[in-house]
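**Q** Have a look at this one.
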Amino acid sequence: MKERRTSIFENGLIWFGAAVSIAEILTGTYFAPLGFSKGLLAILLGHVIGCAMLLFAGLIGGKVRKSAMETVKMSFGSKGALLFSVLNILQLVGWTGIMIYDGALAVNGIFAIGNWVWCLVIGALIVLWIMIGIKNLGKVNTVAMGALFILTIILSFVIFGDGSGLNSSGEGMTFGAAVELSVAMPLSWLPLISDYTREAEKPVKATAVSAVTYGVISCWMYVIGMGAAIFTGESDIAQIMVKAGLGVAGLLIIVFSTVTTTFLDAYSAGISCESLSTKISGKWVAVAVTVIGTLGAIFLPLGDITDFLYFIGSVFAPMIAIQIADFFILKRNQEAKHFSITNLIIWLVGFVVYRLLMRVDILVGNTLPDMLITIALCVVVGKIKKK
């Protein structure tokens, strides 16, 4: 029986769902001290950088028809890639908990029946999405995305309706730090995108649509968060919805946006585990990750995610930089042996450079300089080894 491939439209829907997220709206509120114009520029610049990396990562997986963590083996070896599989699974478990926590906290602001109850409701819906499966979600996703699209437009009108800005208060953020915070969200999807583009009928077009859809909608979410803080003086999305009379509609936005985004995290954790061993069932790992994430959301304080985002950047920015250099510049598309010691050392240098650059305020953030340094180092070492 021929394996069914996902269409370009279905890939676009998947990444629309990934971008419509309470976590992205909340991150957008941090940009308010910059003012609307500078904040918007930082959001756009960061997303151009982050989504360009997302595009390259998706193209690699789409062209060779391999999952994200399988493509990592091409640069780091079958054993070397285990490091990134484990780190990816940990970040996905973390994201699952954070998304459920944020969603439950926000929806409880509309219907206060207890955070833990909403954690269980959202967790149960994510498990349902997993059991339906990525290839059978077409119609369900179309309906869910259509509803989210309409409700998000309503939310935008509520926030930007009167157009009168308030003085934004709070701790200031430099432009470079804002750009980095904007890069961080698309960067967090780098170790996932190939899990979906590998299934596409037309991988190159599907990857382009995925990256552009995610970039545009993610910018919109950031702007909603920033606009909420500037134009309504309120950074609590639940309270904005309550004031606007969006009770049930607000609840639907929060619950479905949390489910459609967190589903991708849990599903990809399962795919990453399959790259560790062929005996592992990705679907049941995804269910287990959702259960762990739900418990984490109930029992752990998961409010501030900025350090978590920077950690993701420091791990995965040099990783994808090496993959880009190997695949697109050095034209290596065969799996390395057990370990590629050279690339692991270059990755470690890139990791350290990223952490050092965090102490410096650079106009374009630290991800882009770190990746350029890592790519250059990888290409130079690759050319020397060839000689």
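The values are calculated or read from the model by the stated rules, or taken from the named source; none is laboratory data. Note that the coordinates shown come from a computational prediction; the quantities given were computed from them, not determined experimentally. With ideal geometry, Cβ positions are generated from the backbone for all residues, glycine too; neighbour counts draw on all protein chains shown.
**Q** Going by what's in this entry, would D370 be described as touching a residue at least 12 places away in the same chain (Cβ under 8 Å), out of contact with any Lys or Arg (no Cβ under 6 Å at 6 or more places or on another chain), outside any helix (DSSP H, G or I) and of a type outside the set (A, V, I, L, M, F, W, C)?
**A** Answer is no for this residue.
**Q** Next question. Would you point out the residue of the range 250-265, among those that are in contact with a Leu (Cβ under 7 Å, 6 or more places away or on another chain) and buried (at least 24 other Cβ atoms within 10 Å of the Cβ), that is nearest to I132 (Cα to Cα)?
**A** The selected residue is L264.
**Q** Are any residues in the range 180-201 aromatic (F, W, Y) and in a helix (DSSP H, G or I), and if so, which ones?
**A** Of all residues in the range 180-201, those aromatic (F, W, Y) come to 189, 196.
Once the filter is applied, which keeps residues that are aromatic (F, W, Y) and in a helix (DSSP H, G or I), the range 180-201 yields only Y196.
**Q** Exactly one condition in (1) modelled with pLDDT under 85; (2) out of contact with any Asp or Glu (no Cβ under 6 Å at 6 or more places or on another chain); (3) β-branched (V, I, T) is not met by V212; state its number.
**A** That leaves (1) as the condition not met.
**Q** Residue pairs, Cβ under 8 Å, 6 or more apart or interchain, first in the range 189-204 and over 15 Å from L264 (Cα atoms), second buried (at least 24 other Cβ atoms within 10 Å of the Cβ) and hydrophobic (A, V, I, L, M, F, W, C). List them.
**A** A200/A206
**Q** Would you check if I25 is touching a Phe, Trp or Tyr at 6+ places or on another chain (Cβ under 7 Å), surrounded by 20 or more Cβ atoms within 10 Å (Cβ to Cβ) and in contact (Cβ under 8 Å) with a residue 60 or more places away in the chain? Outline the logic, then answer.
**A** On the way: touching a Phe, Trp or Tyr at 6+ places or on another chain (Cβ under 7 Å): no; surrounded by 20 or more Cβ atoms within 10 Å (Cβ to Cβ): yes; in contact (Cβ under 8 Å) with a residue 60 or more places away in the chain: yes.
No; evaluated as a whole, the condition is false for this residue.
**Q** Let me ask another. If we keep just the residues of the range 110-129 that are surrounded by 18 or more Cβ atoms within 10 Å (Cβ to Cβ) and at pLDDT below 85, which is farthest from A68 (Cα to Cα)?
**A** Within the range 110-129, the match that is farthest from A68 (Cα to Cα) is I110.
**Q** Identify all residues within the range 316-340 that are assigned to a helix (DSSP H, G or I) and either without any contact (Cβ under 8 Å) to a residue 24 or more places away in the chain or over 13 Å from F76 (Cβ atoms) (or both); write none if there are none.
**A** A317, I324, F328, I329
**Q** Look through the range 280-307, keep the residues that are in a helix (DSSP H, G or I) and of a type in the set (S, T, N, Q), and return whichever of them is surrounded by the most Cβ atoms within 10 Å (Cβ to Cβ).
**A** T290
**Q** Do you know which of the residues in the range 10-51 that are within 22 Å of G176 (Cβ to Cβ) and not in a helix (DSSP H, G or I) is modelled with the lowest pLDDT?
**A** Once the filter is applied, the top-ranked residue is Y30.
**Q** Further question on the same structure: Residue pairs, Cβ under 7 Å, 6 or more apart or interchain, first in the range 79-92 and surrounded by 20 or more Cβ atoms within 10 Å (Cβ to Cβ), second among the basic types (K, R). List them.
**A** A81/K73
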